[in-house]
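Take a look at the structure below.
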Amino acid sequence: MTDDPLPKPATPDGRRVLIVHAHPEPRSFTAAMRDVAVETLRARGDAVVISDLYADGFDAVVKAADFPERRDPDYLTVALEQRHADESGTLPPDIRRELDRLLWADLVIFSFPLFWFSVPAILKGWIDRVLVSGRCYGGRRFYDRGGLRGKTGLLALTMGGRAHMVASGGVHGPLEDMLRPLLQGTLGYVGMRVLPPFVAHHVPYISDEARRAILADYRAFLETLDALEPLPMPALDAFDDQMRPLG
């Protein structure tokens, strides 16, 4: 563990919440959504920790220097070196801090603007460096057998496009298809229970009144998290030892 103190929930049913926030502008609407989340969740007794990746200067690049005591000094295999570094206690301090926060959390909220149908590079780097092999996934430890099973993941994102642009038949196609690498290929893959995302549409172009309405909707969404049905994910019992579907 790091020296980073992690708070306890204020009430017996309080959750431990990590918000991984990735926006370069501190006054952005994405930051306003983050602040609404902090206020709403703490009001119900949850303990909340924020990883503000831009403010923290998080290093997004996986590199050999992440592994000062290599298992194989001649050839870098990131997944194997992540596993070795975690087991040997040699992960760099920034990764160790974020991994400790992740393992502490019951609920992880990813707060970000949509960039090129995906996340900002700094958040992709957090995923690459912090979801370490062996601890979070590896071998047959994925989906319902993933290393982070028991945790819940939520995407809370902003975008410039209108809702009809990311609907079925829309110019960009369904938002669910756009977010599948995150919802299934990341959160679901490591075993999280994945909630439907909250999306704020067209935010650079709408009125302040409309933005306030979105923040109110987000607050109401957060207050009903326990009632939300998670998204369906594969179950490995439906596949054979070569991951071919049974039946």
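Where a number appears in this text, it was derived from the coordinates with a stated rule and is not lab data. Everything quoted here is computed from the prediction, not taken from an experiment. Note that each Cβ is placed from the backbone with ideal geometry, even for glycine, and that neighbours are counted across all protein chains shown.
Some values worked out for this structure:
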| item | result |
| --- | --- |
| Other-chain or far-sequence residues with amide H under 5 Å of ILE50's (modelled H) | ILE19 |
| Ellipticity estimate at 222 nm from DSSP helix runs (n ≥ 4, -39,500 (n - 2.57)) divided over the chain, nearest 500 | -9500 deg cm²/dmol |
| 3J(HN,Hα) from dihedral phi, segment 101-118, Karplus parametrisation 6.51/-1.76/1.60, rounded to Hz, x for glycine, proline | 5, 4, 5, 5, 6, 8, 10, 10, 9, 9, 10, 6, x, 6, 10, 6, 6, 7 |
| Between 0 and 90°, nearest 10: helix 121-130 axis offset from the chain longest Cα axis | 40 |
| Tilt relative to the chain, helix 78-88 - C-alpha long axis, 0 to 90 degrees, to 10 | 80 |
| Amide proton proximity set for ARG193, modelled H, under 5 Å, gap of 5+ | GLY150, LYS151, THR152, GLY153 |
| Charge context of GLY139, other residues only, Cβ under 15 angstrom, K/R +1, D/E -1 | +2 |
| GLY173 long-range amide H proximity, modeled H, under 5 Å | ALA167 |
| Rounded to whole Hz, the Karplus (6.51, -1.76, 1.60) HN-Hα couplings of segment 236-247, x for glycine and proline | 5, 5, 8, 10, 7, 6, 9, 6, 8, x, 8, x |
| Under 15 Å, Cβ to Cβ, from ASP59 - net charge with Lys/Arg +1 and Asp/Glu -1 | -1 |
| At R0 = 45 Å, FRET efficiency that the Cβ-Cβ distance of ARG44 and ASP74 yields, to 0.05 | 0.30 |
| ALA227 paired with ALA64, simple spin-label distance in nm, labels 7 Å along Cα-to-beta-carbon | 5.6 |
| Under 22 Å from the Cα of LYS63 - lysines, other chains or at least 8 residues apart | LYS124 |
| Around VAL38: net Lys/Arg minus Asp/Glu count, Cβ-Cβ under 12 Å | 0 |
| Label-to-label distance, nm, for residues given as ASP13 and GLU176 (7 Å Cα→Cβ offset) | 3.0 |
| Rough spin-label spacing in nm, given labels placed 7 Å along Cα→Cβ, for ASP106 and GLU25 | 3.5 |
| Residue-wise HN-Hα coupling along segment 161-175, computed from phi with Karplus coefficients 6.51, -1.76, 1.60 (Hz; x: Gly, Pro) | x, 7, 4, 5, 6, 10, 9, 4, x, x, 4, 9, x, x, 4 |
| Cα-centred dipole magnitude for the chain, charges only on beta-carbon of K, R (+1) and D, E (-1), debye, nearest 20 | 220 |
